[in-house]
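Bear in mind that the values in this text are calculations on the coordinates, not laboratory data. Given the structure is predicted, the values throughout are model-derived calculations rather than measurements. Cβ coordinates were reconstructed from backbone atoms using ideal geometry, including for glycine residues, and neighbour counts include every protein chain displayed.
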Amino acid sequence: MAKKIGVLVELDYCVGCSACQLACQDYYQLPVTETYMRCFLGKPDVVDGRHEMFMSPYAYRLDKCANCLEKEEGNAPCAAICISKALHVGELEEMKQLADQTDGHLALYR
Ligand code: SF4
Ligand code: SF4
């Protein structure tokens, strides 16, 4: 059975630069209109009395993520380029353990 993949985004550290999305498009040589990871603007929220906005990458082709991990020996191109080290891609159980140790949340899994 294929291993379950998790993508963890530490929202406290992601600066919304979209480099991960571009790295994914570049890795798979996708046209600009197509991507396996998209950065989107989350809805505004009130945190400690202040309005806050956040950007977050969303990976929705985890079969492609599994392919990246296998080909690149565990180094996902999107996570490798992240200047904030806010993005992690790996086996679901590993990502769950990491989520317990960080301020982030598990964004997506299968
Ligand atoms: S996860 Fe990293 S590379 Fe992606 S938008 Fe956030 S800071 Fe940029
Ligand atoms: S792991 Fe690969 S397919 Fe998944 S979002 Fe990152 S670069 Fe794209």
| request: Can you tell me the order of 94-101, 28-35, 4-11 when each peptide is scored by its average per-residue count of other Cβ atoms within 10 angstrom, highest first? | output: 4-11, 94-101, 28-35
| note | A chain fully extended from LEU41 to THR102 at 0.36 nm per residue, minus the present Cα-Cα distance, gains in nm 19.8 nm
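Would you list LEU62, LEU87 from fewest to most Cβ contacts within 10 Å?
With the sparsest Cβ surroundings first, the list reads LEU62, LEU87.
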